[in-house]
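Worksheet for the structure shown next.
The values are calculated or read from the model by the stated rules, or taken from the named source; none is laboratory data. Note that the structure is predicted; figures quoted are calculated from it, not measured. Positions of Cβ are generated from backbone atoms using ideal geometry, with glycine treated the same way; all protein chains shown enter the neighbour counts.
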């Protein structure tokens, strides 16, 4: 099969595979996610976190003093390298989130869809320790397709869901590409703009051979009339590896009826 694909294209795919493997091996990458705590307006304790946490329109608050965990100091949380001395607004939502640590864990303060959360990145997470690389289908040149792209007169903001059930998101749809797949024309919306363009999709393998939420193909340049979509570069979103991701889902209609056995496979599938 590889005799039908340009050697440079296959070398580019191999380099992409190497980068993807290295990306998920990082000590504080997506495989290090070990918890995601959605905060309420009332101060509350959360498993694995010292003190009390809550959120309001101002941002995220932390009070270390009520922590009575044996052997743990009340100033275990460091914000910007400094301990929190009392009930404080540790993240003013109008500014960039600060660096927050608990030992060698990193606590990611975040807002998604109007909800605030603390997400834990642990370099000793079991998923990271067990990681051996991203599973993938062999390169198949039959899945490097050229389709007809139609740009919208104006980009359309469309509501989409996310891997986190409570979080709604939106995306900017800039056009559509028609692809001839298994003898039928199937259409996918293209999202992005401002220098980045993305095709996210589901297909007949989703949730079994490939990730259930979706897969993503990043375009290397602005979409043109004749648009190459190489499904061999279909990448898993972070939520394919972790229950603590908040990945956006594809726009409505971006589900192919065919089984796309190209690109990355489902990392949670056994065997």
Is it the case that residue 52 is closer than 17 Å to residue 86 by Cβ and surrounded by fewer than 20 Cβ atoms within 10 Å (Cβ to Cβ)?
yes
In region 16-49, which residues are under 16 Å from the mean Cα position of the chain (by Cα) and surrounded by 15 or more Cβ atoms within 10 Å (Cβ to Cβ)?
20, 24, 28, 29, 30, 31, 32, 33, 34, 35, 36
Modelled with pLDDT under 95, surrounded by fewer than 21 Cβ atoms within 10 Å (Cβ to Cβ), not assigned by TED's automatic domain parsing to the domain that holds residue 179 and not in a strand (DSSP E or B): is that true of residue 253 in this structure?
no
Output the residue which, of all residues in region 69-92 that are surrounded by fewer than 16 Cβ atoms within 10 Å (Cβ to Cβ) and under 16 Å from residue 41 (Cα atoms), is modelled with the lowest pLDDT.
88
Per-region count, region 173-205, residues modelled with pLDDT under 95 and assigned to a loop (DSSP other than H, G, I, E, B):
4
In region 206-236, how many residues are crowded, with 21+ Cβ neighbours inside 10 Å and assigned to a loop (DSSP other than H, G, I, E, B)?
6
Please count how many residues of region 166-201 are over 15 Å from the mean Cα position of the chain (by Cα), touching a residue at least 40 places away in the same chain (Cβ under 8 Å) and closer than 19 Å to residue 260 by Cβ.
11
In region 19-51, the residues that are part of a strand (DSSP E or B) and touching a residue at least 24 places away in the same chain (Cβ under 8 Å)
33, 34, 35, 36, 37, 38
Residue tally, condition under 16 Å from residue 58 (Cβ atoms) and either over 19 Å from the mean Cα position of the chain (by Cα) or at pLDDT 95 or above (or both), over region 93-114:
9
Identify, please: which residue in region 58-68 is modelled with pLDDT of 90 or more and over 13 Å from residue 117 (Cα atoms) and is, among those, surrounded by the most Cβ atoms within 10 Å (Cβ to Cβ)?
64
For the subset of region 115-165 comprising residues that are closer than 27 Å to residue 62 by Cα and free of Cβ contacts under 8 Å to residues at least 24 places away in the same chain, which member is surrounded by the most Cβ atoms within 10 Å (Cβ to Cβ)?
124
